[in-house]
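Here the structure is laid out as structure tokens; the discussion comes afterwards.
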Amino acid sequence: MTATDPDAPGTAAPPAELLPTLAGHYYTDPAVFAREQELILESHWFCAVRSADLARPGAFRTATVGRESVLVCRTRSGAVRAFLNVCRHRGAQLCTAESGEVRRSLQCPYHAWTYDLDGRLVAAPNMADMPGVDKRERGLIGVHVREWLGYVWVCLADEPPSFDETVRGAVARRLGDEDVVERYGVEGLALGRRISYDVAANWKLVVENFMECYHCGTIHPELTEVLPEFAEGYAAQYHVGHGAEFGSDVDGFTVDGTAGFGRLGGVGEEQDRRYYAVTVRPQVFLNLVPDHVIVHRMFPLAPDRTLIECDWLYSPEVVESGTDLSHSVELFDRVNRQDFEACERCQPAMSSRAYRTGGVLVPVEHHIAEFHAWVADLLGDPPE
Ligand code: FES
Ligand code: FE
């Protein structure tokens, strides 16, 4: 893929020296992954669920966030709440389905303790014989929730980091202005297509791949046709606010460069015929083009397995018209498959003796070194 780090230092010239990568064990060691689950995935804002997937009161979805299953649901009042998906009686997983809809309560399938959609324990068999059980103390354990860009973001930390600084700020720093992403009206877009990819690679390989463009000329023939500057491989040129320009003979961000759909409402002249990519640590990639938005959510499941849910979002009129989206979706679906195949090619080599001390980043990839330092710092290790 293509992108840049949101904190890349603007137009500053990259250092000339080669930078080391993380050592191979960072991508394979279960102990490292366990620390990442706790200190990164459970400690930062995590984009879990698309809000529109919880269309009606009683709708729920479950998502793996670090070591936990999180249950996200819409309440009777229309709010979104999220809980650890664990019954407070004997610890059964409350909802085993990925998604579903209940009328007004969530009932544990083991002994039928029943919780309302705000997480309160409202009933349990033989409750009258359990005077020691205080219903108010046995509700589901809630987690922090924010909604932005049409997605539900959760944070399992007791004290979440600032959403404005770490999520909205990451997008604003990349795009140069807090208002740019708002012009795409992402909240109001409709889901045109969703594709899930089960990738046999460590989540950091996927992030690093997204942040570099050194591979674009080698593995992305369709993308470099549409965005010729990507063929040069210099991710560092994607400084703050820079969008890659469509080729002069390209009509749209489609697999064959033919026209896509009309420009989204608020997209201005300066964003027209341009592609912007944003990384929101730890697990979200946004891709903005004039007629649609692509959102990747990564769910790291194991040191060598990452589930990626990718949504293609269009104006509601385009989706409701039933028009064929395939030439639009196919471009980034191919890019995804090319990228994930590359990540899967690297994963087995991470445990090779040849990669014991890691590899190198080319000089324009100083922003990937900064991602490595961020990870190592959070894990309490010196950057290697
Ligand atoms: Fe849920 Fe017993 S474990 S009701
Ligand atoms: Fe790529």
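The values are calculated or read from the model by the stated rules, or taken from the named source; none is laboratory data. None of the values given here were measured: they were computed from a predicted structure. Heads up, the Cβs are rebuilt from the backbone with ideal geometry, glycines too, and the neighbour counts pull from every protein chain shown. Calculation scope for accessible area: heavy atoms of the full protein, side chains included, ligands and nucleic acids excluded. Shrake-Rupley method; radii C 1.70, N 1.55, O 1.52, S 1.80 Å.
Points worth noting:
Every residue, every condition in (1) free of Cβ contacts under 8 Å to residues at least 12 places away in the same chain; (2) within 16 Å of ligand 1 (Cβ to nearest atom); (3) within 33 Å of the chain's Cα centre (by Cα), yes or no:
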| position | (1), (2), (3) |
| --- | --- |
| ALA97 | no, yes, yes |
| ARG103 | no, no, yes |
| ASP116 | no, yes, yes |
| PRO125 | no, yes, no |
| GLY139 | no, yes, yes |
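- Taken over the stretch 105-114, the criterion of being within 9 Å of ligand 1 (Cβ to nearest atom) and open to solvent by less than 70 Å² (accessible area, probe 1.4 Å) is satisfied by CYS108, HIS111, ALA112, TRP113, THR114.
- Breaking point among (1) within 16 Å of ligand 1 (Cβ to nearest atom); (2) in contact with a strand residue (DSSP E or B) (Cβ under 9 Å, 6 or more places away or on another chain); (3) open to solvent by 30 Å² or more (accessible area, probe 1.4 Å), for PHE83: (3)
- Checklist (1) open to solvent by 20 Å² or more (accessible area, probe 1.4 Å); (2) under 21 Å from the mean Cα position of the chain (by Cα) applied to TYR184, failing item: (1)
- Inspection of the stretch 182-199 finds no residue satisfying the criterion of being hydrophobic (A, V, I, L, M, F, W, C), out of contact with any strand residue (DSSP E or B) (no Cβ under 6 Å at 6 or more places or on another chain) and closer than 26 Å to PHE230 by Cβ.
- Some residue of the stretch 121-134 being buried (at least 19 other Cβ atoms within 10 Å of the Cβ), touching a helix residue (DSSP H, G or I) at 6+ places or on another chain (Cβ under 9 Å) and at pLDDT 95 or above: yes
- Scanning the stretch 126-142 for residues that are under 25 Å from PRO57 (Cα atoms) and either assigned to a helix (DSSP H, G or I) or of a type outside the set (A, V, I, L, M, F, W, C) (or both) yields LYS135, ARG136, GLU137, ARG138, GLY139, GLY142.
- Qualifying residue in the stretch 272-279 (condition: without any contact (Cβ under 8 Å) to a residue 60 or more places away in the chain, open to solvent by 50 Å² or more (accessible area, probe 1.4 Å) and within 20 Å of VAL180 (Cα to Cα)): yes
- Residues located in the stretch 143-158, provided they are open to solvent by less than 10 Å² (accessible area, probe 1.4 Å), more than 18 Å from ASN85 (Cβ to Cβ) and assigned to a strand (DSSP E or B): TYR151
- Positions within the stretch 54-70 being open to solvent by 40 Å² or more (accessible area, probe 1.4 Å) and either closer than 19 Å to VAL167 by Cβ or among the aliphatic types (A, V, I, L, M) (or both), in sequence order: ALA55
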